[in-house]
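See below for the structure under consideration.
Each reported figure results from applying straightforward, stated rules to the coordinates on display, with no laboratory input. For clarity, every value in this text was computed on a predicted model and none was experimentally measured. In this analysis, Cβ positions are derived from the backbone assuming ideal geometry, glycine residues included, and neighbour counts consider all displayed protein chains.
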Amino acid sequence: MSLNYNIFLHETDKNALNALKSIPGFTQLLKSYMKVWNEKFFYMQNMSTLVHITDQQLSKYKDMLIPICRKLDIEVPDLFLQLNPYPNSYTSGDTKPFIVMTSGLLETLPDRLIPTILAHECGHIACHHVLYRTMGQMILNGALFTLLGKGVSALLTQPIRAAFYYWMRCSEFSADRAAVLYDGSPDNMMEVCARLAGFSKAIDEPINMEAFMQQAEEYRKLVNENAVNKTMEFMAFGYSTHPLNAVRAYEASVWASSEQFTKAVNYCEAYQRGDASFEIPLFYNEKHYLNRNYQEVLKELEEQGLKATSVRSKDKNGTFKEGGVTSVSIDDSHSYKEDDWVRTDAKVEVAYYQPLTDEEIAREHPGQVCMPENYIYYIGKDYKEVEMELMKTGLADITTIPQKDIRKENDRALHRVSALRIDGKTKFSKGDWFDIASDAVIIYHEMAD
């Protein structure tokens, strides 16, 4: 079990990423990207052009990173410093993510706020943003055209571009929440936003955070005032990768005063202590699991922190495939929703469809025989062959009756079955059951006298 990042995942982040993935062409674009993506190249580039922050180089920043990774339950990524006057930090990579801070960031923010920045970047890693964000950045700077050639232009449709930008902005809110969770309050994140908005270390005046937050509230009122303002917002910021500083500060503040934040803090503390039971948020509702392989679902639930038991469902209701999940109940309920909180010791039961074996079916029909074929199968076959097949099923009371209607010895219908009755029924289906004592009557064509 790893830390459940749903505790700080912003709802717009999840929805925007799902919307992006559902756009026609996105899957093809991702596959094309993965064919040329070379993580090792970026590592070589970083090692040759940036300052690698280690225990021997700028170690105080490496020391800041370790407890953050411990709390967010991720591996410690490589950390680099880039000569760039613009205050920024970013995370890239895939299986081995890395974090880059610019020299402008260290010149803008006091050292006491750098852990907040690092926690934000680690939040991207914990939320599994990194691959998509790396791809998004390459779309933004045009590098995908170089990697994939001219053919990529057909894949980079306007909807995909717009959806990528929107998701990247939404993902920042999740990363901000990770920083707030690490710090235990929104104060540092709010100050980071204010300083990135204009308050560098060179300004001696203290930051009036109350006034800065009023900016955010006024902005939100303006945007929500009418449709024209919303359109203006999209035109101005629709192709930005980051939300506005004041808005980010406001979002962090609102989340920190919510019940979800309190539960997230309690969750982290219990997780770090290794408590036997504590509350966790659900990733999905029941619909997400239906008809998937039950072993895969059991593993997924375990990764979320829930111990589930599997129960075989013998009755096939609907179109469930063999081994497919028919229901997932939590504390005997099926009405739970994603983001609901449940305890890790909740009773979780995964029911899956598994058809009965022939032996199991036979045990449910004592004293009966099962028809291996339907009645049509036997019509037109040699009556002795049919008699033998019926005997193999277990039927003992078998009668053959000739129907003397053949005039020519070379008639192909001679000795062929014209009708079959079992327990008085002339029509039956494959899999129908009859008492072993049922009488079977085979009527076949025979030479006329």
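Report the calculated FRET efficiency for ASN15 and GLU359 (r = Cβ-Cβ distance, R0 = 56 Å), to the nearest 0.05.
0.70
Considering all alpha-carbon pairs of region 297-426, what whole percent are spaced by more than 27 angstrom?
For region 297-426, the fraction of Cα-Cα distances above 27 Å is 52 percent.
What's the angle, to the nearest 10 degrees (0 to 90), between helix 209-225's Cα axis and the longest principal axis of the chain?
Roughly 50 degrees between the two axes.
How far is helix 114-126 tilted off the main Cα axis of the chain, in degrees rounded to 10, range 0 to 90?
Once rounded, the angle reads 10 degrees.
Taking +1 at the Cβ of each Lys and Arg and -1 at the Cβ of each Asp and Glu, which of PRO186, SER22, ILE66 sits farthest along the dipole of the chain towards its positive end, judged by Cα position relative to the Cα centre?
SER22
Can you list the residues of region 414-449 with backbone N under 18 Å from a point 7 Å past the Cα of ILE379, pointing along Cα to Cβ?
It comes to 414-432, 441-446, nothing else.
Residue separation times 0.36 nm, minus the C-alpha to C-alpha distance between GLU303 and SER240: what's the value?
Working: separation 63, 0.36 × 63 = 22.68 nm, distance 3.41 nm.
The GLU303-SER240 span can extend by a further 19.3 nm.
Charges on Cβ only, +1 for Lys and Arg, -1 for Asp and Glu, centred on the Cα centroid of the chain; of ASN4, ILE53, VAL369, which one is farthest towards the dipole's positive end?
The listed residue farthest towards the positive side: ILE53.
Quick one: work out the % antiparallel among DSSP beta bridges in region 267-380, nearest 5.
Expressed as a percentage, antiparallel bridges in region 267-380 total about 60.
Starting from the Cα of LYS35, draw a straight line to each of the lysines and keep only those under 19 Å, dropping any in the same chain fewer than 8 residues away.
LYS21, LYS96, LYS150
Can you check how the C-alpha radius of gyration of the chain compares to 2.2 N^0.38 Å, as a plain ratio? All intermediate terms of the calculation are to be shown ahead of the outcome.
Numbers: Rg = 34.2 Å, N = 449, 2.2 N^0.38 = 22.4 Å.
Here the answer is 1.53, to two decimals.
How much length, in nm to one decimal, is gained on full extension between ASP411 and SER327, taken as 0.36 nm per residue of separation minus their Cα-Cα distance?
Values: separation 84, 0.36 × 84 = 30.24 nm, distance 5.82 nm.
Using 0.36 nm per residue and subtracting the Cα-Cα distance, I get 24.4 nm.
Antiparallel versus total DSSP beta bridges in the chain: what percent is that, nearest 5? Don't skip to the answer; put the middle values down first.
Values: 27 of 46 bridges.
Counting DSSP beta bridges with both partners in the chain, the antiparallel share is about 60 percent.
Taking +1 at the Cβ of each Lys and Arg and -1 at the Cβ of each Asp and Glu, which of LEU301, PHE283, THR102 sits farthest along the dipole of the chain towards its positive end, judged by Cα position relative to the Cα centre?
Most positive-ward Cα: THR102.
Among ASP78, ASP13, ASP204, which one shows the biggest mean-square fluctuation in a GNM of the chain, springs joining Cα atoms closer than 10 Å?
Most flexible of the set in this elastic network: ASP204.
Could you work out the relative contact order of region 5-273, using alpha carbon pairs under 8 angstrom and six or more residues apart, expressed as a whole percent?
On the way: 346 pairs, mean separation 60.7, N = 269.
In percent, rounded to a whole number, it is 23.
Going by a ≥ b ≥ c, the root eigenvalues of the Cα gyration tensor, does region 5-273 fall in the rounded group (a/c under 1.5), the prolate group (a/b larger than b/c) or the oblate group?
Details: a/c = 1.44, a/b = 1.10, b/c = 1.31.
Rounded, because the longest to shortest axis ratio a/c is under 1.5.
Would you mind telling me which residue in PHE278, PHE434, PHE42 has the biggest mean-square fluctuation in a Gaussian network model of the chain, where springs connect alpha carbons within a distance under 10 angstrom?
Ranking PHE278, PHE434, PHE42 by mean-square fluctuation puts PHE434 first.
May I ask what percent, to the nearest 5, of DSSP beta bridges between residues of region 365-447 are antiparallel?
Rounded to the nearest five, the antiparallel share is 55 percent.
Test of understanding: what is the full-extension gain from ASN293 to GLU39, defined as 0.36 nm times their sequence separation minus their Cα-Cα distance?
88.2 nm
Pairs of alpha-carbon atoms within less than 8 angstrom and 6+ residues apart define the contacts here; what relative contact order does region 357-446 have, in percent?
43 percent
Given charges of +1 on the Cβ of Lys and Arg and -1 on the Cβ of Asp and Glu, with all other atoms neutral, how large is the dipole of the chain about its Cα centre, in debye to the nearest 20?
Here the chain has a charge dipole of around 1400 debye.
If you line up the long axis of helix 187-197 against the longest principal axis of the chain, both from Cα atoms, how many degrees apart are they, to the nearest 10?
70 degrees
Which whole-number percent is the relative contact order of the chain (Cα, under 8 Å, 6+ apart)?
Result for the chain is 12 percent.
With a 10 Å cut-off between alpha carbons and a GNM built on the chain, which of GLU217, GLU387, GLU338 moves the most?
Looking only at GLU217, GLU387, GLU338, the biggest GNM fluctuation is shown by GLU387.
Can you tell me which lysines have their Cα less than 25 Å from the Cα of LYS404? Leave out same-chain residues fewer than eight positions away.
In chain and number order, the partners are LYS381, LYS384, LYS425, LYS427.
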